[in-house]
Every structure is written in C-alpha cells, then in structure tokens.
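Following: one structure in structure tokens, then a few remarks.
Bear in mind that the values in this text are calculations on the coordinates, not laboratory data. Remember, it's a predicted structure, so these values are computed and weren't measured experimentally. Neighbour counts are summed over all protein chains in view; Cβ atoms, including those assigned to glycine, are modelled from backbone coordinates with ideal geometry.
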Amino acid sequence: MTTKIVKVLWAGRLSYRSGLKLQKILSDQHHQRVENNSCNTLILLEHDPVYTVGIRDKDYTLKDQKKLKSLGAEFFRTNRGGLITFHGPGQLVAYPILNLKDFKASIKWYVCQIEKMIIRLCAEFGIKGETSPNTGVWVNDKKICAIGIHGSRYITTHGLALNCNTDLSWFNHIIPCGIKGKGVTSISQELNINVTIQDVLPLFQNAFQNQFQCTLIEYPIEESYQLFKLVNNNLCAQKT
C-alpha cells in the first residue's frame, strides 16, 4: 500500500486574511489536480488576534463587530462550520488542506479523526481530553480545542485551534462556539506551567501522522517561497 504523503508548512504568525488566502491557493490546486495527492498539505500557524464566526452564526451585529474590534482584534465571517470563536497568539491553528478521497470520503469521519488526534495529543501531556455532543475536544466542561471545517468536493479547508498558552481572557467577550455555560482552557492552564506552541508542535505532528496514517514531509522551501509570494500578491491586489 502506498504511504500517503502530506506536506507540512509552518507558516509562523499570520493575519487571518493571509491564512484565508493561503488556504484558497492550496485548495484551488486540489480542485485543479483532483487525483494528485501531492497537494495534501498541513498548514500550522498562529494568528494575530481575531474573532471569527461560522456559516450558522447570524447573532453578531455590526455593533457587536465594532465592540469586538475595539478590543484590538479583527473580525471575520467565514464559510466554516461552527459558531463564534477566537484565534490569537499562543494558540496552535492547523489547517489541513486534504483531499479526503485519499483518506476516507467522509466529512463526519474526518471530524472524528481530528477529535481523536487531539485527545491522543492531550494524553501525551497527561490531560484527559474528551468529546461531547458539541464538536471539539473538552477537558471536563471547558473546551481546549475548537474545530470548524469546510468541505468542497471532499477538499477540506479551515480546521482546528488548540489552546497552548493562549490568553484566555479574549474569550470573556463572546460565548465561545455559541455554547452557554461552558468555558475554555489551555494546555498551560491545565498543567499550571507555560507550554508554548513550539513545545506542542512535534507532538502534534506525530499525533497527526498516527491518526491519519500518513507521512509528513517538510514543505519544499522554493515552493513555500512561491506560495507566500502568491498570498502577498493577492493581498496587494485587493488593496488596489
């Protein structure tokens, strides 16, 4: 059986808009070459502070947006599943841009695999992560990892956000994922020590390989240079 190859791209700290452009470029490559699994990519990054809402979230008005922006964060409406959440420094964001036909052509299966992967990762830190009727991974009644994805012809975009040493006070201004009476937590808060994204990255990549039964290879430097050049060109074109 041929081993599935996924290229892993550490994108560093990016604006949310840049992250969206990056996902679009890579998902477009999939749609143009549907049978070529060399397009499968795992983007890993952290975002500048931003609140995002999914396709089902109609509750946030222009007044709400203005209030959230006044805190120093951006605000975006997206085509992912799920309700409102926060992304920011200290949170490991993963955008797997995959053709699920190379794995299993099921969005439900894909979300379950992500949850199992994060539970596996939490266990590495001695944290008991669990699923609930609400999507994501929870520690008791506090969410440690949010999941919100989009699928188009089995090509995935968006993904998950794992709180490593995130400033959780950003969540005080929203009802995270639209679920009342629940809280948020982080790896650092659960362990009462500072655990950074860089501490988590190697374990995350191992968990991803094991859960999705694939091999991660580093995104080629020249390809990544061209990729970010495209992102920057697209953003510049939008401003003109």
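What number comes out for the charge environment of T157, summing +1 per Lys or Arg and -1 per Asp or Glu over other residues with Cβ under 14 Å away? Please list the in-between numbers first.
Values: positive: K21, K24, R80, R153; negative: D28.
Local net charge: +3.
Which three extents, in whole angstrom, do the alpha-carbon atoms of segment 19-117 cover along their principal axes, largest first?
Computed over segment 19-117, the largest-to-smallest principal extents equal 45, 26, 23 Å.
Contour minus end-to-end for A123 and K108, with contour as 0.36 nm per residue of separation and end-to-end as the Cα-Cα distance?
Contour length minus the Cα-Cα distance gives 3.1 nm.
Calculate log10 I(q)/I(0) of segment 178-240 for q = 0.16, 0.22, 0.23, 0.25 Å⁻¹, where I(q) comes from the Debye formula with a single equal point scatterer on each Cα and nothing for solvent.
With one equal scatterer per Cα and no solvent, log10 I(q)/I(0) is -0.90, -0.93, -0.94, -1.00.
What does the charge count near G72 come to, summing +1 for each Lys or Arg and -1 for each Asp or Glu among other residues with Cβ under 14 Å from its Cβ?
0
Read phi for every residue in segment 12-23 and hand back ³J(HN,Hα) as whole Hz from Karplus 6.51 cos²θ - 1.76 cosθ + 1.60, θ = phi - 60°, with x for Gly and Pro.
Karplus values, whole Hz, x for Gly and Pro: x, 8, 10, 5, 5, 4, 5, x, 5, 4, 4, 4.
Hey, what number do you get for the chain at 222 nm if only DSSP H runs of n ≥ 4 count, each worth -39500 (n - 2.57), divided across all residues, to the nearest 500?
Details: 6 runs with 83 residues, N = 240.
After summing the helix terms and dividing by residue count, I get -11000 deg cm²/dmol.
Each label point is 7 Å from the Cα along the Cα-to-Cβ direction; what then is the distance between the points at N210 and Q65, in nm?
4.3
Share of antiparallel DSSP beta bridges in segment 1-124, in percent to the nearest 5?
40
When the Debye formula is applied to the Cα atoms of the chain, each taken as the same point scatterer, what base-10 log of I(q)/I(0) results at q = 0.14, 0.15 Å⁻¹?
-0.91, -1.06
Along Cα→Cβ, 7 Å out, is where each label goes; now give me the distance between the ones at I175 and C236 in nm to one decimal.
Spacing of the two 7 Å Cα→Cβ label points: 4.5 nm.
List the trypsin sites (Lys or Arg not before Pro) within segment 154-240 that fall in a DSSP loop (any state other than H, G, I, E or B) and whose Cβ has at most 11 other Cβ atoms within 10 Å.
K180
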